[in-house]
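One structure below.
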Amino acid sequence: MKRWLMYMQIHTMKNQGFSKRQVAEKLGLNFRTVSKYLRMNPEEFNQTILNRERRRNLSLYEGVVVDWLKKYPDMTAAQVLDWLKEHYQVSVSDRATRRFVKELRKKHAIPKTKGYQRQYMAVEDPPMGQQMQVDLGVAYVFDFHKRSYQKLYCVACVLSHSRYKWGEWYTKPLTSGQLVSSLQECFEALGGMPKELVFDQDRLLAVDENYGDIIFTREFEQFRLSSGFQVYLCRGADPESKGRVEATKYFKNGFAKNRQFVDIDMWNESFGDWLERTGNAKIHSITKKVPAEVFEQERLFLKPVPSTIKSYEVILTRDVHKNNTIFYKGNRYTLPLGTYRPGRKVTLDIESDILKIRDDFDGYLIAKHKISKSKGQLVQNNNHKRDNTKKLDDLQDNLLKIMGSSEDACIFLTQMRCLKSRYARDQFSLMEQTISAHTESIVKKALEYCLIHSLFSAVEFRNAAQYFEANLQIEQETVSQNPKVTLLKTYMNTKKRPLSEYARFTKGGDSQ
C-alpha cells in the first residue's frame with residue numbers, strides 16, 4: 001500500500017510540472033527510482049512491485065498456514081515454506097518462515113506432534129512368580145569429591161505382578177559377568193527367582209538374535225542353564241515391546257536426580273533405604289496396592305535358587321590378535337610367538353595383581369603378567385620376543401654344526417648353556433650373530449681364548465672375536481705401510497684340558 005501511494009505521488013508531481021530531480025528531492029527518493037516508476041503504467045507497477053512485496057509478506061498467508069497446521073500438526077516449517085513456494089510463489093528465508101510458524105503455533109495453540117502415534121494395549125499382569133523385567137540404565141550424578149558430573153550404571157529388576165523392585169549401581173560399565181553376579185544377588189535378596197526374565201536387546205546378554213534362536217553370551221548362557229529360568233528378549237531397538245515402563249527411569253527420577261554422589265557403597269546403601277521407604281512402600285498408581293505387601297504373597301510362588309549357581313565363576317575371555325597380544329583394561333599384554341591363530345581365544349584369571357592367561361580349551365597357562373595400573377601400555381616378557389617353536393636342543397645342534405662340530409665347540413656350548421640356562425636362547429642367538437660376522441680363523445681364535453680362560457659366555461666370545469679382528473686389521477695396515485716388513489705367524493700353544501676339569505669347574509671346584 002505504501003508503494004502504491006508513493007507511485008501516485010510521483011506521477012501527480014510530474015503532471016504538475018516538476019522535473020524528475022525535483023520530485024526525487026521533495027520525496028527523498030533516488031533519482032533512478034523516480035525514473036523507473038514514471039516509466040511504468042498502473043498495470044505494470046502492480047505486476048512487478050506489488051506482487052514482489054506480496055510474496056515477501058507472510059502475514060498475508062496466515063489463514064492458509066493455520067489451516068495446514070491444524071490439519072497436519074506434525075508439519076515442519078521447511079514443508080510450510082515449500083508449499084507456499086509451490087502454491088503462492090513466495091520468496092522468504094528459512095529463518096523467517098520458522099519464526100512465522102512458531103508464532104502461529106503459539107498464537108493459535110497448535111502444538112507440534114509426531115505424525116504417527118504408537119498405539120498401546122493394556123496387558124494383564126502375569127501370575128505371581130511368573131515374570132521379572134530387567135533393565136540397564138545410566139544416570140549422571142554430581143560427584144561430591146571431583147566437583148563434576150559422572151556416570152553411574154544401574155541394574156533394575158521389577159517383578160511384573162507385585163511391582164516389587166530391586167536394583168544395584170556401579171561406577172563402571174557392566175560386563176557380562178557383573179550382570180550375572182547382580183542377578184544372582186537379586187535372587188538371593190528376593191529369596192527365590194521367577195520363571196521368566198524379560199530383557200532389552202543388550203550385548204552383555206545376547207550375541208545375536210539369530211532369527212529367534214538367540215545366541216547368548218558365554219557367561220549368561222552358563223548362568224541361565226544352571227539356574228533354569230526362561231528368557232524373553234525384546235525386539236532390537238524396541239524396549240517398549242515389554243509392555244511396561246522401564247524401572248531405570250523411575251530409579252533415576254525418583255532417587256538419583258539431584259542427589260550428590262560420595263561413594264558407591266554409600267550410594268547403594270542409600271538406594272536400598274529408598275526402596276524400602278519409598279520405591280516399594282508407596283501405593284502403585286496402576287495396581288493401587290503397596291508392592292512390598294503384595295510381594296510377601298508372591299514370594300511363596302518364586303522358584304528356589306539352585307545351589308549350583310552360587311559356585312558360578314566369572315569367565316573372562318579375550319581374542320588373540322595377530323601380533324600375539326591381548327587387551328585387558330586399556331593395556332596390551334604379550335603372548336609367546338606362535339600363540340596366534342585365526343579365531344583363537346584365551347581365558348583370564350586375576351589373582352591379586354597378577355594376570356594369568358590360559359588356553360581356552362584345556363586351561364594350560366600360556367603367560368603370566370603383573371597387571372599395569374597405567375593405560376595404553378605394552379606389558380611384555382622378554383621370552384615372548386623369541387620364537388619358542390624351536391627347541392633349545394635344535395638351536396644348540398645347529399650352532400655346533402656351524403662351528404665345525406669340534407670337541408672344543410661342544411664343550412663351550414654345553415658349559416655356556418649350563419651356566420646361562422635362563423638366557424640360553426639369547427646366548428645362542430648372540431653366538432650365531434658373532435660367527436656370521438667374522439671369519440673362520442677369528443672364530444677359532446676366540447673359541448680357544450674363551451676355553452683357556454674358562455669364559456663360557458657369548459658376550460665374552462663376541463668381545464674376543466672383536467679383539468682379534470681389530471688386531472688383524474692393525475697387522476694388515478702395518479704390512480701395507482711397510483712392504484719390506486714380514487710378519488711372523490705366531491701360534492699359541494694351547495693346553496687342552498680333560499673334560500673332568502670343566503665338570504669340576506661347573507660344580508664349584510677351583511681351577512688350576
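With r as the distance between the Cβ atoms of E475 and N323 and R0 = 45 Å, compute the FRET efficiency 1/(1 + (r/R0)^6) and round to 0.05. List each step's numbers first, then the result.
On the way: r = 48 Å, r/R0 = 1.07.
It comes out at approximately 0.40.
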Electrostatic dipole magnitude of the stretch 131-297 [Cβ: Lys, Arg +1; Asp, Glu -1; Cα centre; debye, to 20]: 660
Net charge contributed by nearby residues that have their C-beta within less than 15 Å of K26 (K/R +1, D/E -1): +2
Residue exposure sequence - V134, V320, V459 - by fewest surrounding Cβ within 10 Å: V459, V320, V134
Unsatisfied cross-links (Cα-Cα over 22 Å) in the set K146/K373; K146/K370; K249/K375; K151/K288: K146/K370; K249/K375; K151/K288
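Quote to one decimal, in nm, the extra length available between K14 and L400 on full extension: 0.36 nm per residue of separation minus the C-alpha distance between them. Please list the in-between numbers first.
Numbers: separation 386, 0.36 × 386 = 138.96 nm, distance 12.05 nm.
Full extension of this stretch gives 126.9 nm more.
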Relative exposure of T334, T171, judged by other C-beta atoms within 10 Å (fewest first): T171, T334
Of Q131, N280, W166, farthest towards positive along the dipole that unit charges on Lys, Arg, Asp, Glu beta carbons give the stretch 131-297: N280
Per-pair calculated FRET efficiency, R0 = 25 Å: V138 and I283 via Cβ, rounded to 0.05: 0.30
Flagged links, alpha-carbon separation over 22 Å, of K322/K356; K172/K195; K257/K329: K172/K195; K257/K329
Simple label model, 7 Å out from Cα along Cβ direction - Y72 to D125, nm: 4.5
Neighbour-count order for I350, I366, fewest beta carbons within 10 angstrom listed first: I350, I366
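Every read-out reported here was derived from the displayed coordinates using simple, explicitly stated rules and does not represent laboratory data. None of these values were measured; they are calculated from a predicted model. Backbone-built Cβ (ideal geometry, glycine too); neighbour counts: all protein chains shown.
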